[in-house]
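So the structure is just underneath, and the comments pick up after that.
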Amino acid sequence: MCGCSALVAGGRLPPPSIPRRLRRRRGNSVRAEVSPGSESQRKKVAIAGAGWAGLAAAHHLVKQGYDVTLLAAENGPTEEVGLRGFWNPYRNIFALVDELGISPFTGWNKAAYYSPEGLAVEFPIFHNQTRLPAPFGVLAYPEFPNLPLIDRLTSIPVIAAVIDFDNTDTAWRKYDAVTARELFKMYGCSRRLYKEVFEPAIQAALFAPGEQCSAAATLGMLYYYMLSHQENSDFLLCRGEVEETIFSPWLKSLEIEGLKFVANKAPSSFTVDTYSGCISSIVCGDDIYRADAFVSATGLSSLQSIVKNSPFLRSHREFANLLHLSTIDVISVKLWFDKKIMIPKVANVCSGFDDSSGWTFFDLTSIYDDYYGETITVVEAEFYNASQLVPLDDDDIVSEASLHLIKCIQDFEGATVIQKSVRRSPKSVINFLPGSYKYTPRGSTSFPNLFIAGDWIVNRHGSFSKEKAYVTGLEAANRVVDYFGTGDFAKIIAVEGDEPHIETLRNLSRRANELKSQIPLSEFFLQ
């Protein structure tokens with residue numbers, strides 16, 4: 001047996017032959033060197049993870065004539081845990097849906113925020129309002145039943161930090177060292193505004209309280225979803241489960257084009273050809289999948305488990321860095337109640353009900369086609385940073401969810417749960433802790449033929465959640481195309497540019513920072 005191949009997590013395998021190609025850039029495409037119909041010459045790509053990122057990578061590579069195998073940890077493609085909505089700036093996902101020829105979405109929806117004191121904020125459909133220069137529309141149009149104007153005005157200084165944050169590496173490093181709570185305190189945000197508006201937004205989008213979230217991740221999220229353009233706060237919802245309504249027809253279309261889909265295969269290790277320095281296979285338990293290039297589109301915890309069992313991977317800094325990152329538990333609870341309950345808004349964000357967990361709930365009776373006209377009420381609640389709930393049995397979790405719902409909407413009191421579904425997702429999302437940015441990987445790795453995709457990696461597109469996962473999947477596909485020099489690059493729609501006055505203010509901020517750095521002794525003071 002040849003000794004030049006190393007199995008990353010135990011055992012050894014004979015090395016496959018992996019040719020290395022020179023990359024040839026030609027504008028937005030590279031020269032195709034083989035016929036897609038030539039099965040023996042088609043390059044093989046294995047993709048681990050069948051969420052938005054993995055499906056996106058498979059989608060483009062299949063169309064470019066690659067022999068693609070998509071490995072799913074579950075029975076079928078599964079949506080990443082995270083924000084349920086499809087926000088206005090999800091331009092790439094909306095383009096995909098148009099390409100697939102499906103109509104899975106509701107119209108634009110209204111949302112509400114709840115605190116222990118009751119209803120805190122009601123958001124309108126911003127598309128229906130006169131467009132104001134950013135961020136004035138988002139500040140002017142929401143209704144705050146109990147929040148005094150003086151509290152709302154303390155949001156204005158925070159806008160300066162949001163404008164200063166331009167999603168560059170410099171901006172991330174500047175703001176990543178402090179917590180979101182420290183940032184809002186530094187800029188004079190009132191306690192009530194933070195507790196009733198900003199902290200719920202942080203917990204719903206970043207899955208942890210402000211004292212556990214990086215200010216950089218918070219500023220990027222606030223700018224993308226709320227403050228860059230008025231309509232960015234508007235969202236659509238899927239009229240059924242995403243897996244059935246979007247992923248199923250998407251997967252079928254890819255299988256027709258030649259995709260090989262393999263269910264119930266979670267990667268446990270990689271095999272490395274130490275002679276070429278390339279990955280030669282993905283190992284899933286007793287099964288081995290060889291390929292010429294690989295895309296890891298799994299969550300952080302899956303890669304961490306591989307790295308923990310692999311001294312070879314830990315010798316590469318970007319993989320050793322993964323062990324410095326933290327993850328968060330999420331619990332999803334779907335409840336069927338025996339009567340019709342009036343829920344004013346279909347989407348609701350809640351925080352302050354305990355010390356560390358934020359949660360959301362959705363009126364599925366008003367969203368899903370399957371429940372249209374039913375005399376019952378179907379609600380789904382998601383609890384973030386929910387490590388205290390994971391050990392509980394299903395009945396206790398359902399009881400906790402019911403009590404939380406009653407605190408928001410009194411009509412839930414007296415309603416009986418006639419059916420339930422509890423889904424635990426331990427370590428399912430990254431915790432954007434202060435200081436985590438420097439440990440978070442980019443899309444390329446020190447292995448020339450291994451690429452990473454997912455909503456938790458670093459990229460410069462500027463998107464979040466599902467849209468970011470989808471975009472990083474396309475970026476990984478482009479890296480494969482670039483590596484082999486075969487096929488066209490996927491076209492990725494950029495985030496809408498800043499409004500003119502925001503761009504002007506941002507340029508002034510950059511100039512001020514540049515001048516500050518040139519002042520004598522600027523390096524002397526603690527930053």
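The values are calculated or read from the model by the stated rules, or taken from the named source; none is laboratory data. Note that the structure is predicted; figures quoted are calculated from it, not measured. All Cβ positions, glycine included, derive from the backbone under ideal geometry; neighbour counts span all protein chains shown. These area figures cover heavy atoms from the full protein model, side chains too; ligands, DNA and RNA do not enter into them. Shrake-Rupley method; radii C 1.70, N 1.55, O 1.52, S 1.80 Å.
If the condition is being open to solvent by less than 10 Å² (accessible area, probe 1.4 Å), assigned to a helix (DSSP H, G or I) and of a type in the set (Ser, Thr, Tyr), then segment 214-224 contributes Thr218, Tyr224.
Inspect segment 368-376 for any residue being in contact with a helix residue (DSSP H, G or I) (Cβ under 6 Å, 6 or more places away or on another chain), closer than 26 Å to Phe123 by Cα, outside any loop (DSSP other than H, G, I, E, B) and among the acidic types (Asp, Glu) and give the result as yes or no. No. Within segment 80-93, residues that are assigned to a helix (DSSP H, G or I) sit with their Cβ atoms under 9 Å from residues that are polar (S, T, N, Q), at 6+ positions apart or across chains, in these pairs: Arg91/Ser463; Asn92/Ser463.
Being part of a loop (DSSP other than H, G, I, E, B) and surrounded by fewer than 22 Cβ atoms within 10 Å (Cβ to Cβ) is the filter here, so list the residues in segment 380-390 that pass it. Scanning segment 380-390 gives Ser387, Gln388, Leu389, Val390. One residue is enough: does segment 132-146 have a residue meeting the conditions polar (S, T, N, Q), open to solvent by 40 Å² or more (accessible area, probe 1.4 Å) and touching a Gly at 6+ places or on another chain (Cβ under 8 Å)? So far as segment 132-146 goes, yes, one or more of its residues are polar (S, T, N, Q), open to solvent by 40 Å² or more (accessible area, probe 1.4 Å) and touching a Gly at 6+ places or on another chain (Cβ under 8 Å).
Comparison of Thr298, Thr327 shows that the only residue that is surrounded by fewer than 20 Cβ atoms within 10 Å (Cβ to Cβ), under 21 Å from the mean Cα position of the chain (by Cα) and not in a helix (DSSP H, G or I) is Thr327.
Just so you know, in segment 495-515 the residues that are in a loop (DSSP other than H, G, I, E, B) and either open to solvent by less than 60 Å² (accessible area, probe 1.4 Å) or at pLDDT below 90 (or both) include one that is farthest from Glu79 (Cα to Cα), and it is Glu499. Among the residues of segment 138-149, the ones that are assigned to a loop (DSSP other than H, G, I, E, B), of a type outside the set (Phe, Trp, Tyr) and touching a Pro at 6+ places or on another chain (Cβ under 8 Å) come to 1 in all. Looking at Arg152, is it under 20 Å from the mean Cα position of the chain (by Cα), charged (D, E, K, R) and either under 24 Å from Leu364 (Cα atoms) or part of a helix (DSSP H, G or I) (or both)? Against the criterion (under 20 Å from the mean Cα position of the chain (by Cα), charged (D, E, K, R) and either under 24 Å from Leu364 (Cα atoms) or part of a helix (DSSP H, G or I) (or both)), Arg152 does not qualify.
Applying a threshold of 9 Å to beta carbon distances and a minimum spacing of six or more residues, or different chains, the list of pairs starting in segment 400-419 at a residue that is aromatic (Phe, Trp, Tyr) and ending at one that is open to solvent by less than 40 Å² (accessible area, probe 1.4 Å) and part of a helix (DSSP H, G or I) reads Phe412/Ser402; Phe412/Leu405.
Taking the condition of being assigned to a strand (DSSP E or B) and crowded, with 22+ Cβ neighbours inside 10 Å, how many residues in segment 279-295 meet it? Of the residues in that region, 7 qualify. Being among the small types (Gly, Ala, Ser), modelled with pLDDT of 90 or more, assigned to a helix (DSSP H, G or I) and in contact with a Phe, Trp or Tyr (Cβ under 8 Å, 6 or more places away or on another chain) holds for only one residue in Ala204, Ala208, and it is Ala204. When segment 430-444 is filtered for residues that are within 15 Å of Ser296 (Cα to Cα) and either touching a helix residue (DSSP H, G or I) at 6+ places or on another chain (Cβ under 6 Å) or assigned to a strand (DSSP E or B) (or both), the ones remaining, listed by number, are Pro441, Gly443, Ser444.
The number of residues in segment 305-324 being surrounded by fewer than 16 Cβ atoms within 10 Å (Cβ to Cβ), of a type outside the set (Lys, Arg) and closer than 27 Å to Gln388 by Cβ comes to 2. The residues listed here are Thr445, Thr365, Thr377; of these, the one that is open to solvent by 10 Å² or more (accessible area, probe 1.4 Å) and either touching a Gly at 6+ places or on another chain (Cβ under 7 Å) or in contact (Cβ under 8 Å) with a residue 40 or more places away in the chain (or both) is Thr445.
For segment 416-427, the set of residues classified as closer than 24 Å to Trp336 by Cβ and open to solvent by less than 90 Å² (accessible area, probe 1.4 Å) consists of Thr416, Val417, Ser421, Val422, Arg424, Ser425, listed by residue number.
Of all residues in segment 276-291, those being farther than 13 Å from Thr69 by Cα and among the polar types (S, T, N, Q) number 2. Within segment 462-494, the residues that satisfy the criterion of being in contact (Cβ under 8 Å) with a residue 24 or more places away in the chain, open to solvent by less than 50 Å² (accessible area, probe 1.4 Å) and within 25 Å of Ala134 (Cβ to Cβ) are Gly462, Ser463, Phe464, Ser465, Lys466, Glu467, Tyr470, Val471.
One line per residue, one yes/no per condition, for (1) open to solvent by 60 Å² or more (accessible area, probe 1.4 Å); (2) within 18 Å of Leu433 (Cβ to Cβ); (3) in contact with an Asp or Glu (Cβ under 7 Å, 6 or more places away or on another chain); (4) in contact (Cβ under 8 Å) with a residue 12 or more places away in the chain:
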residue	(1), (2), (3), (4)
Thr154	no, no, no, yes
Ile159	no, no, no, yes
Ile163	no, no, no, yes
Thr170	yes, no, no, no
Thr179	no, yes, yes, yes
Pro200	no, no, no, yes
Gln203	no, yes, no, yes
Phe207	no, yes, no, yes
Gln212	no, yes, no, yes
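A search for C-beta distances below 7 Å between a residue of segment 334-357 that is more than 24 Å from Glu241 (Cβ to Cβ) and open to solvent by less than 10 Å² (accessible area, probe 1.4 Å) and any residue that is outside any loop (DSSP other than H, G, I, E, B) and among the acidic types (Asp, Glu), counting only pairs 6+ apart in sequence or on different chains, returns Ser351/Glu199. Just one residue in the set Tyr114, Tyr194, Tyr175 is of a type in the set (Phe, Trp, Tyr), under 26 Å from the mean Cα position of the chain (by Cα), within 22 Å of Leu325 (Cα to Cα) and crowded, with 19+ Cβ neighbours inside 10 Å; that residue is Tyr175. Here Ile430 clears all of (1) under 27 Å from Thr78 (Cβ atoms); (2) surrounded by fewer than 20 Cβ atoms within 10 Å (Cβ to Cβ) except the condition numbered (2). Spot the failing condition for Ile306; the list is (1) of a type in the set (Val, Ile, Thr); (2) modelled with pLDDT of 95 or more; (3) not in a strand (DSSP E or B), and only one is missed. Every listed condition holds for Ile306 apart from (2).
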